[in-house]
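J.: Let me begin by handing over the structure; questions about it come next.
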Amino acid sequence: QPLQHGGTPMKPPAKYNLKVLYAEDNIVNQKVLSRVLNRVGITDITLVDDGKKAVDISATTKFDCIFMDMQMPIMDGMEACKLIMKRDPESKIIFVTAHALDEFKSKADSVGATSFISKPFRVSDINAVLEKMGVCSTEEANASNETIPLDIQSPSTLKTSQILSSQNQLETPVTSSSLGHVNETQSPSPPQVTIPEATNLPCPPKTTSPKERSKRKTWAPSRNLKVLYAEDNVINQKVLSRVLSRAGITDITIVDDGKKAVDATTTTKFDCIFMDLQMPNMDGMEATELIMKQDPESKIVFVTAHYLDDYKKQAVSLGARDFLAKPVKLDDIEGVLQKLGI
């Protein structure tokens, strides 16, 4: 057991049932923050290496906290933060960057960031962020004697962190030199998914009654509907398929690009078509235009993370019936089916 100065045993860190996302393109920084988070008792950490991936994964998974680097390829942290906050204003996003300038902080505040910490990271920085977020440890949550609802969502195909354990609890910054020699061009460790015991809630945790939990697990009566879903992301395919199944829809055809959706509709009549916006070969807009030309009665519903007014107007102008934002919930599907009259 680690010892403090003078030989007194140190108290082990409290465990937080927090689901954390860290968007950072530098492998060394990924490992450094993962170690610091591990030292304060956070072990469920998902890593992505650009802003677009952060936007995409937060559409299908609810994170208690998102640590965001400022400068990344494909999409930077500011743009990613803006899109995430537009979709879910309750998201808690912490910018982590070496450029701790007032202009960066002002921009971060303007897009809805919760806080801002500078590299190199200290344990005290993370503790301060947790305190600002108002979260509590597992021990504190259990002491309240209230129920913590489970919310396990760990997509098997996502890259997640291999947490580096640390025996040292001293309040010193962790830098790349303490990790030994790290080749920054080296690929990350093989994916290892850590499933949390429960979703962390602000203290005290909200009580969920048995009636509410039973209601969430209820499956709707079977619906005799034939549905097409055009989506290139395998995780999103599984998520919507699961929600549709809960709504009583089991006859689901899945394609991974717009062209295949157009081809499928020429030979099969679908009661409803769920269409992603951005796909390879042919995007959702072009596919919708072609499908509506060959069958103006088609019922197309767009499902996308980019729930912006200009996208919505364009989709409606092409004949789309409705527009859903990810992550899709059972109530969303029920609402769409009612609106379509099917």
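The values are calculated or read from the model by the stated rules, or taken from the named source; none is laboratory data. Note that the coordinates shown come from a computational prediction; the quantities given were computed from them, not determined experimentally. Cβ sites come from the backbone with ideal geometry, for glycine too, and all protein chains shown count toward neighbours. In case anyone asks, the SASA skips ligands and DNA or RNA and just uses the protein heavy atoms, side chains included. Shrake-Rupley method; radii C 1.70, N 1.55, O 1.52, S 1.80 Å.
J.: Specify the residue that is least open to solvent (accessible area, probe 1.4 Å); the eligible residues are those in segment 211-269 that are closer than 16 Å to GLU334 by Cβ and at pLDDT below 85.
T.: ALA220
J.: Being modelled with pLDDT of 85 or more, in contact with a strand residue (DSSP E or B) (Cβ under 8 Å, 6 or more places away or on another chain), open to solvent by 40 Å² or more (accessible area, probe 1.4 Å) and part of a helix (DSSP H, G or I) is the filter here, so list the residues in segment 305-339 that pass it.
T.: ASP332, LYS339
J.: Output the residues belonging to segment 293-304 that are under 23 Å from the mean Cα position of the chain (by Cα) and either at pLDDT 90 or above or not aliphatic (A, V, I, L, M) (or both).
T.: VAL301, PHE302, THR304
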